[in-house]
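Enquirer: Below is a structure I'd like to ask you about.
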Amino acid sequence: MLRIVPARDGGLCRVKLPGGRLTAVQARAIAAASQRWASGVLELTNRANLQLRGVRPDGANALVAALQAAGLGPSDPAADDVRNVLLSPAAGRDPQQRRDVRPLAAELLALLEGDRRLHGLSPKFALQLDGGEALARLDHAHDVWLSAHAEGYLLGLAGTPLDAPLGLIPTGRERATVAALLHRFLDLASAEQSRMRQLLAQLPVAELLAGLDLLPAPATPRSPAATARRLGSHPQRQAGLCWVGAQPALGRLPTMTLAAVAELAEHHGNGELHLTPWQGLLLPDVPVGTAPDLLAALGALDLVTDPAAPLARLIACTGSQGCAKGQADTKGDALRLAERLPAGVEVHLSGCPRSCALAGQAPHTLLAVAPGRYDLFVRDATQPGPGWRRATQLSLDEAAAWLARSPSDA
């Protein structure tokens with residue numbers, strides 16, 4: 001947040017939110033700052049954060065000051081880049097959860113901010129805390145992940161909670177163990193090994209974990225996630241309450257819409273907005289009886305609340321309109337593709353091979369190679385990048401026709 005990054009459409013201000021949470025007051029402050037000193041365009045990210053686009057050079061300092069005054073940003077400026085801890089937007093409320101991970105998330109964020117040596121971690125180095133929730137992002141690899149267990153937390157590296165854990169951290173030793181692990185990573189990693197997967201490609205995992213006093217990992221497979229619960233209304237573990245999820249088209253949120261959602265959060269919920277790692281919003285603690293009215297109000301703001309809707313099944317990066325690396329206007333093309341997207345098909349449109357909008361493989365990926373032209377890839381875990389290249393140089397009409405074919409069609 002403190003470092004404005006240049007982009008094709010002006011400066012880019014990335015705001016990292018602790019646990020993806022912000023208050024209605026903070027949401028209004030973000031909307032006002034974007035309207036006054038930037039383009040008025042906000043983007044929600046796959047890390048449950050947001051970014052303000054089109055920051056004007058003469059307004060950058062004032063924008064950052066306004067965000068800090070709203071209680072956003074790190075306690076130590078040097079810690080801004082390393083505050084990367086992902087948890088479920090329904091943490092503490094999901095009926096399926098094994099444990100409320102929010103207290104541990106606060107401890108780990110305090111560790112990352114307060115331990116100056118950890119400020120040397122890569123800005124992309126990230127941790128995931130999994131409480132066993134049904135609403136969880138389990139396809140996004142993290143450098144370190146912890147998954148709740150009756151006796152503590154299962155620990156894994158360079159993967160997801162669906163992977164086999166490497167050991168069990170006993171209850172009460174989570175913060176100390178993570179701190180020791182991160183320091184050991186910094187001790188052993190070279191300058192070129194900024195991510196856990198890079199270190200483990202050269203170092204036996206047992207050497208990295210030596211001295212951490214982990215217990216053997218029990219064989220307790222992680223229950224599948226139910227990501228459709230990111231949209232619509234769903235009951236919480238608290239009786240009589242539900243959360244209501246919505247998402248803006250392709251993760252792009254006008255400032256006036258954010259301000260309106262903040263008002264709805266105060267009127268229908270507890271005054272909080274939770275960002276989701278699917279580029280959406282979740283309003284918690286809504287009385288079940290008022291959920292239909294809230295869903296109608298969100299729909300009137302052009303937000304998607306049905307997981308079957310075409311725009312709920314499309315992801316697109318900023319594209320050539322805002323990024324110099326983008327080969328096509330991916331967001332504009334995605335809106336056009338939505339009109340002809342076959343039912344049940346999920347597609348990621350990427351303007352370049354970096355795949356900024358999605359960390360893993362989508363069922364289908366359209367990779368831009370020229371304006372309005374895409375190569376089509378199908379998910380294949382044995383292939384690097386987006387998967388198996390199925391067709392090349394497709395127009396949007398041709399891509400829609402390919403996507404309508406069954407998997408057995410050649």
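Enquirer: For Gln202, are the conditions met, namely being in a loop (DSSP other than H, G, I, E, B) and either more than 26 Å from the chain's Cα centre (by Cα) or assigned by TED's automatic domain parsing to the domain that holds Ser122 (or both)?
Expert: Values: in a loop (DSSP other than H, G, I, E, B): yes; either more than 26 Å from the chain's Cα centre (by Cα) or assigned by TED's automatic domain parsing to the domain that holds Ser122 (or both): yes.
Taking the combined requirement at face value, the residue satisfies it.
Enquirer: Tell me which residues, restricted to segment 238-262, are of a type in the set (Gly, Ala, Ser) and in contact (Cβ under 8 Å) with a residue 24 or more places away in the chain. Spell out how you get there, then give the answer.
Expert: Initial filter on segment 238-262 (of a type in the set (Gly, Ala, Ser)): 239-240, 245-246, 249, 251, 259-260, 262.
Passing the criteria: Gly240, Gly245, Ala246, Ala249, Gly251, Ala259, Ala260, Ala262.
Enquirer: If you check Leu42, Leu72, Leu67, Leu86, which single one turns out to be surrounded by 18 or more Cβ atoms within 10 Å (Cβ to Cβ), modelled with pLDDT of 95 or more and in contact with a Ser or Thr (Cβ under 8 Å, 6 or more places away or on another chain)?
Expert: On the way: Leu72 fails: in contact with a Ser or Thr (Cβ under 8 Å, 6 or more places away or on another chain); Leu67 fails: in contact with a Ser or Thr (Cβ under 8 Å, 6 or more places away or on another chain); Leu86 fails: in contact with a Ser or Thr (Cβ under 8 Å, 6 or more places away or on another chain).
Being surrounded by 18 or more Cβ atoms within 10 Å (Cβ to Cβ), modelled with pLDDT of 95 or more and in contact with a Ser or Thr (Cβ under 8 Å, 6 or more places away or on another chain) holds for just one of Leu42, Leu72, Leu67, Leu86, which is Leu42.
Enquirer: To continue, here is another question. Just for segment 120-162: of the residues that are of a type in the set (S, T, N, Q) and farther than 17 Å from Leu104 by Cβ, which one is surrounded by the fewest Cβ atoms within 10 Å (Cβ to Cβ)? I'd like the intermediate steps shown before the answer.
Expert: As a first pass, look at segment 120-162 and keep what is of a type in the set (S, T, N, Q): 122, 128, 147, 160.
Subset that is farther than 17 Å from Leu104 by Cβ: 122, 160.
Numbers: Ser122: 16, Thr160: 19.
Looking at the filtered set, the residue picked out is Ser122.
Enquirer: Quick check on segment 327-360: of everything there that is surrounded by fewer than 21 Cβ atoms within 10 Å (Cβ to Cβ) and in contact with a Cys (Cβ under 7 Å, 6 or more places away or on another chain), which residue is modelled with the highest pLDDT?
Expert: The residue in question is Gln327.
Enquirer: Oh, and also: Considering segment 278-291 alone, what residues qualify as being touching a Ser or Thr at 6+ places or on another chain (Cβ under 8 Å) and not small (Gly, Ala, Ser)? Outline the logic, then answer.
Expert: First, pick out the residues of segment 278-291 that are touching a Ser or Thr at 6+ places or on another chain (Cβ under 8 Å): 278-279, 282, 286, 288, 291.
Correct list: Trp278, Gln279, Leu282, Val286, Val288.
Enquirer: Looking at segment 327-351, which of its residues are touching a strand residue (DSSP E or B) at 6+ places or on another chain (Cβ under 7 Å), part of a loop (DSSP other than H, G, I, E, B) and more than 15 Å from Ala401 (Cα to Cα)?
Expert: Listed by number, the residues that qualify are Gln327, Ala328, Gly351.
Enquirer: Another question about this same structure. Count, please, the residues in segment 63-88 that happen to be in a helix (DSSP H, G or I) and within 18 Å of the chain's Cα centre (by Cα). I'd like the intermediate steps shown before the answer.
Expert: Of all residues in segment 63-88, those in a helix (DSSP H, G or I) come to 63-69, 77-82.
Next cut, within 18 Å of the chain's Cα centre (by Cα) only: 80-82.
Residues flagged as in a helix (DSSP H, G or I) and within 18 Å of the chain's Cα centre (by Cα) within segment 63-88 amount to 3.
Enquirer: So Cys242 passes all but one of these: (1) assigned to a strand (DSSP E or B); (2) within 20 Å of Ala309 (Cα to Cα). Which condition number does it fail?
Expert: For Cys242, the failing item is (2).
Enquirer: Within segment 356-375, is there a residue that is touching a Ser or Thr at 6+ places or on another chain (Cβ under 7 Å), β-branched (Val, Ile, Thr) and under 24 Å from Ala7 (Cβ atoms)?
Expert: Looking through segment 356-375, at least one residue is touching a Ser or Thr at 6+ places or on another chain (Cβ under 7 Å), β-branched (Val, Ile, Thr) and under 24 Å from Ala7 (Cβ atoms).
Enquirer: Further question: Is it fair to say Arg21 is among the basic types (Lys, Arg) and more than 24 Å from Ala359 (Cβ to Cβ)?
Expert: Details: among the basic types (Lys, Arg): yes; more than 24 Å from Ala359 (Cβ to Cβ): no.
The answer is no for Arg21.
Enquirer: Just need a number here: residues in segment 78-125 that are more than 25 Å from Leu283 (Cα to Cα) and in contact with a strand residue (DSSP E or B) (Cβ under 8 Å, 6 or more places away or on another chain).
Expert: Of the residues in segment 78-125, 2 are more than 25 Å from Leu283 (Cα to Cα) and in contact with a strand residue (DSSP E or B) (Cβ under 8 Å, 6 or more places away or on another chain).
Enquirer: Still on this structure: For segment 89-106, name all the residues that are surrounded by fewer than 23 Cβ atoms within 10 Å (Cβ to Cβ) and in a loop (DSSP other than H, G, I, E, B).
Expert: Gly92, Pro95, Gln96, Gln97, Arg98, Arg99, Asp100
Enquirer: Okay, moving on. Residues in segment 371-405 that are more than 21 Å from Ala338 (Cβ to Cβ) and surrounded by fewer than 19 Cβ atoms within 10 Å (Cβ to Cβ): how many? I'd like the intermediate steps shown before the answer.
Expert: Let us first name the residues in segment 371-405 that are more than 21 Å from Ala338 (Cβ to Cβ), namely 380-385, 387-389, 392-393.
This time we only want the ones that are surrounded by fewer than 19 Cβ atoms within 10 Å (Cβ to Cβ), so: 380-385, 388-389, 392-393.
Residues meeting the conditions: 10.
Enquirer: Follow-up. From the set of residues in segment 298-326 that are among the small types (Gly, Ala, Ser) and within 23 Å of Cys13 (Cβ to Cβ), which is surrounded by the fewest Cβ atoms within 10 Å (Cβ to Cβ)?
Expert: Quick first cut of segment 298-326, residues among the small types (Gly, Ala, Ser) only: 299-300, 308-309, 312, 316, 319-320, 322, 324, 326.
Still in the running and within 23 Å of Cys13 (Cβ to Cβ): 316, 319-320, 322, 324, 326.
Numbers: Ala316: 28, Gly319: 26, Ser320: 21, Gly322: 23, Ala324: 10, Gly326: 22.
Among them, the one singled out is Ala324.
Enquirer: While we're on this one: Please verify whether segment 113-122 includes one or more residues that are of a type in the set (A, V, I, L, M) and closer than 22 Å to Ala24 by Cβ.
Expert: Kept after step one, since they are of a type in the set (A, V, I, L, M), are these residues of segment 113-122: 118, 121.
Then keep just the ones that are closer than 22 Å to Ala24 by Cβ; that gives none.
For segment 113-122, residues of a type in the set (A, V, I, L, M) and closer than 22 Å to Ala24 by Cβ: absent.
The values are calculated or read from the model by the stated rules, or taken from the named source; none is laboratory data. In this text, all values refer to a predicted model and were calculated from it rather than measured experimentally. FYI the Cβ positions are ideal-geometry reconstructions off the backbone, even for glycines, and counts take in every protein chain you see.
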